[in-house]
Amino acid sequence: MLLVVGVLVGFWAFGGDEETAPPPDSRARQYREFDACLLTGESGITSGDATAAWQGMQRVSAETRIRVTHVPVMGKQSAANALPYLNGLIQRDCDVVLATGAAQTRTVREQAGGHPQTQFVVVGPQSDGQEAGGGNLTAVKPGEGLADELAKTLQRAVSVARD
């Protein structure tokens with residue numbers, strides 16, 4: 001008799017009625033397998049071109065359900081110091097890496113050719129015709145309209161990935 005009571009109590013406490021389980025969170029967002037990562041200066045997305053870039057990325061994320069993240073380069077703002085942060089984003093399999101800030105964009109320009117599977121977008125002028133060949137590096141002009149321009153560039157990258 002004690003065994004029967006123990007089994008019933010265990011069944012009641014640990015199993016049985018699946019209807020009592022709460023429903024899944026209806027606010028949970030289902031993301032696509034596509035990551036866009038922003039490499040910024042030490043202030044992160046709180047100032048300058050990084051703020052506009054992040055706004056554009058968030059807009060595209062809301063429209064296409066891609067994951068977006070940002071990583072600030074801490075410490076000395078140099079290309080050498082930015083390199084480990086960039087390598088971390090590449091190792092995380094970011095489909096698109098965007099960069100703002102002089103050190104970050106310089107590092108991306110130097111490293112993009114060695115990572116043809118990743119698309120790179122830098123905020124700044126084109127340099128030495130690198131971007132003109134239609135490779136994996138695109139330059140977007142800083143200033144007014146940056147959020148819109150980055151959103152368009154990121155939208156194109158997402159569209160290419162769908163095909």
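Taken together, the values in this text are just the output of simple stated rules run on the coordinates, not laboratory data. If you're wondering where the values come from, they're calculated on a predicted model, not measured in any experiment. Because the Cβ atoms are built from the backbone with ideal geometry, glycine has one as well, and the counts that use them run over all protein chains shown.
Under the combined filter of DSSP loop state and at most 11 neighbouring Cβ atoms within 10 Å, the stretch 26-118 retains these trypsin sites (Lys or Arg not before Pro): R27, R29, K76. For the stretch 24-119, the list of GluC sites (Glu not before Pro) that fall in a loop by DSSP and count at most 15 other C-beta atoms within 10 angstrom reads E33, E42. Spin-label pair M74-Q30: with each label point 7 Å from Cα along the Cα-Cβ axis, the two points sit 3.7 nm from one another.
In the stretch 30-103, the inverse of the mean reciprocal separation of distinct Cα atoms equals 12.4 Å; this is its Kirkwood hydrodynamic radius.
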